[in-house]
Amino acid sequence: MKIITIVGARPQFIKAAAFSRKLSELTNWEEVLVHTGQHYDTNMSEVFFEEMKIPKPSYHFEIHGMARGEMLEKMQAAIEGVIKKEEPNWVLVYGDTNSTLAGARAAKKHGVKLAHVEAGLRSYNLEMPEEHNRVETDQLSDVLFVPSQNAIDNLKQEGLEKGREIVNVGDIMFDAVKFYASNNADEYESQPYALLTLHRAENTDNPTVLKRLLSTVNKINEQLQVVWPMHPRTKAKLRELEIPVEARVIEPVGYLEMLPLIQNSMFVLTDSGGLQKEAFYLNKYCITLRTETEWIELLNLGVNRICGSDESKVLEAFRYFSNTPFVVMNNPYGEGNTADKIIHFFRRK
Ligand code: UDP
């Protein structure tokens, strides 16, 4: 059995690490890893391969720094070349990036079976390129590996259960947290702080929104130190707009640094999808700097608040979470054995 796995962006390296580690334990299975090059800085790409011992990609393209349409075309063409050469049984894609959709289109064009991990998530915000990527990828897929019942409901609403298999395997990122979270996280002890990440286009590419967010972050930072591993896209925008930053900015960190940073924080502020769940898995509240989330279970559990760039909402959530002890709750995203469940599915095929 031969699987081509497509990765390209930071969260995909983490997901692929969790799955590939399990797959590599099996005989008679071959995984061909394709890196599109969407993320390319050492601290956005290489560090994950090194730290998490992800095998070196068999194919590594350098497709980045261009508009979405062009990027999709270039990636698809490159992946098609790999498919023709390798003749896989399956193409496996993760999440919602341009690399995901390019892999999906390439697989379909060549009649190769397509599996989508993290299927069925919806923000219903069509301004987000990620929403377009995930909807089309789901439409093209033969098997949809979903993380939750809500994802199944979303797919059914779109009629996508017809002609496809939907399998609730839980969240692959929970596998990663369980495997890589440090038991000695408190060795990283420091002053209390809130952890911030920000990189979504809807926040970084709108100067008014970005300025408003920065002003709010600066206000929080007056009360509680904000530690901010800054995404290169955000760094470039802040520099361009000359927006003052008072938080403690650090370079993006590897996953093995990121998990203790979450574990030791008072809570998390983010517009990241993955980080919202990691905060929950590590018993931290999350203030989400977006107007919606795909991970609505976290809202229902009361551990996550959607605040957008609304300063009063952010500050209210900050006050509330600062004064409310976190209560550990049932996990709606499975048991952290998603990789095993995916492998079990492929074995039956
Ligand atoms: N992450 C990391 N280092 C950082 C910032 C984030 O390892 O400096 C991890 C984070 O813990 C999560 C993943 O990157 O596992 C999330 O990626 P990102 O926010 O870029 O994408 P999203 O989850 O929103 O698709």
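The values are calculated or read from the model by the stated rules, or taken from the named source; none is laboratory data. Quick caveat, the model's predicted, so the values are computed rather than measured. Every residue, glycine as well, gets a Cβ built from its backbone with ideal geometry; the counts of neighbours run over all protein chains shown.
Against the definition (under 23 Å from residue 343 (Cα atoms) and either acidic (Asp, Glu) or in a helix (DSSP H, G or I) (or both)), how does residue 111 come out, yes or no? Taking the combined requirement at face value, the residue does not satisfy it. Taken over region 57-106, the criterion of being outside any helix (DSSP H, G or I), without any contact (Cβ under 8 Å) to a residue 40 or more places away in the chain, within 23 Å of residue 273 (Cα to Cα) and small (Gly, Ala, Ser) is satisfied by 65, 67.
Under the condition of being crowded, with 19+ Cβ neighbours inside 10 Å and within 8 Å of the ligand (Cβ to nearest atom), the residues counted in region 242-253 number 1. Considering only region 2-36, state which residues are modelled with pLDDT under 95 and either over 19 Å from residue 113 (Cβ atoms) or basic (Lys, Arg) (or both). Those that are modelled with pLDDT under 95 and either over 19 Å from residue 113 (Cβ atoms) or basic (Lys, Arg) (or both): 21, 22, 24, 25, 27. Within region 1-21, the set of residues being over 16 Å from residue 178 (Cβ atoms) and of a type in the set (Phe, Trp, Tyr) comprises just one member, 13. Every test in (1) of a type outside the set (D, E, K, R); (2) surrounded by fewer than 22 Cβ atoms within 10 Å (Cβ to Cβ); (3) part of a helix (DSSP H, G or I); (4) away from the ligand (no atom under 14 Å from the Cβ) is passed by residue 339 save one, and that test is (2).
Quick check on residue 259: is it near the ligand (Cβ under 8 Å from one of its atoms) and part of a helix (DSSP H, G or I)? Yes. Filtering region 181-211 down to residues that are part of a loop (DSSP other than H, G, I, E, B) and closer than 17 Å to residue 281 by Cα, which residue is modelled with the highest pLDDT? Out of the qualifying residues, it is 181.
Just so you know, in region 154-187 the residues that are free of Cβ contacts under 8 Å to residues at least 40 places away in the same chain and at positive phi include one that is surrounded by the most Cβ atoms within 10 Å (Cβ to Cβ), and it is 159. Here 278, 311, 222, 292 are screened, and the one residue that is within 16 Å of the ligand (Cβ to nearest atom), surrounded by fewer than 21 Cβ atoms within 10 Å (Cβ to Cβ), acidic (Asp, Glu) and at pLDDT 95 or above is 292. Taking each residue of region 262-281 that is touching a residue at least 12 places away in the same chain (Cβ under 8 Å) and closer than 16 Å to residue 175 by Cα and looking for partners that are near the ligand (Cβ under 8 Å from one of its atoms) and not polar (S, T, N, Q) with beta-carbon atoms closer than 7 Å, six or more apart or interchain, yields 274/11; 274/173; 277/173; 278/173; 278/262; 279/262. For first residues located in region 310-337 and at positive phi, partners that are in a helix (DSSP H, G or I) and among the charged types (D, E, K, R) and lie 6+ apart or on another chain with Cβ distances below 7 Å form the pairs 336/175; 336/178.
Considering only residues that are assigned to a loop (DSSP other than H, G, I, E, B) and closer than 21 Å to residue 274 by Cβ, look in region 152-180 and name the one that is farthest from the ligand (Cβ to nearest atom). Among residues in region 152-180 that are assigned to a loop (DSSP other than H, G, I, E, B) and closer than 21 Å to residue 274 by Cβ, the one farthest from the ligand (Cβ to nearest atom) is 169.
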